[in-house]
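Here the structure comes first, spelled out in structure tokens, and everything after it is commentary.
The values are calculated or read from the model by the stated rules, or taken from the named source; none is laboratory data. Small disclaimer: the values here were computed from a predicted structure and weren't measured. Positions of Cβ are backbone-derived with ideal geometry, glycine not excepted, and every protein chain shown enters the neighbour counts.
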Amino acid sequence: MTSKFLRPFLAVAALFVISAIAQTSTAAPMGASTPATASPVATGTGTKVGTINIEAAIVQTNEGHRDFDDLAKKLEPKRTQLTSQNDELEALKKQLTTQGDKLSPEALETLRKQIETKQKSLERAGQDYQEDVGNQQNDIAQRILQKMAPMIVKYAQENAFGMIVDTSKPWPQSPVLWVDVERIDVTKPIVDAYNAQSTVPPPAAATKPAAKPAGAATTPKAPAPKPANPSN
């Protein structure tokens, strides 16, 4: 599962990075205006329309595999800490449920305050963790996208594509209702082109699953309500 943090970032980043490169490469006459496009696309001079899953492309590169895996390892101690905090909170809640009617009013009040304090602490820690994860994931995605964007534009121009649309979001979040991936999706050739120019080797194990950004899905959930796939 691709982290929810990447999606809003990539929609904006792809729009400005790829569109700017495409406009530069088509060289409008001096003084002519170059209006921004309305969605993340790469435009060329051909007539075909293609699609790319930007999220999948970034994650599936050798560099994406390496960097998101490294990030997951880096964050493992914090995830373990959050899990431990959650376990402590659950133990106190269980104690309240099973022994609450046997405790003195003073002990009962102390236990309830402990639960409230630990729950607030866990929620704050979880929110801080998610924000940190999102920022670090976006840093990785930004770096890879900056290098990938020219390749998308070049591929579109060399293969007679008039437009390549990002399909990272499913319909109805995306205007793309249906895609014939076998015929028009260019995610794989873009990933292959990126890997070909990259100095990052492929993952060591051939059977290793695609790297997944470490995000909210792996964050231990606080018991109380909290304020807050790639297809290729």
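Is at least one residue of the range 179-196 out of contact with any helix residue (DSSP H, G or I) (no Cβ under 8 Å at 6 or more places or on another chain), at pLDDT 95 or above and not charged (D, E, K, R)?
Yes - at least one qualifying residue is present in the range 179-196.
Enumerate the pairs (first residue in the range 148-175 and of a type in the set (Ser, Thr, Tyr); second residue anywhere and assigned to a helix (DSSP H, G or I)) with beta-carbon separation below 7 Å, excluding pairs fewer than 6 apart on the same chain, so at least 6 apart or on different chains.
From the range 148-175, the pairs are Tyr155/Pro189; Tyr155/Ile190; Tyr155/Ala193; Ser168/Arg7; Ser168/Leu10; Ser168/Ile54; Ser168/Glu55.
Yes or no: the range 129-149 includes at least one residue that is under 24 Å from Asp69 (Cα atoms), assigned to a helix (DSSP H, G or I) and aromatic (Phe, Trp, Tyr).
Going through the range 129-149, the residues under 24 Å from Asp69 (Cα atoms) turn out to be 129-149.
From what is left, the residues that are assigned to a helix (DSSP H, G or I) are 129-149.
Still in the list and also aromatic (Phe, Trp, Tyr): 129.
There is at least one residue in the range 129-149 that is under 24 Å from Asp69 (Cα atoms), assigned to a helix (DSSP H, G or I) and aromatic (Phe, Trp, Tyr).
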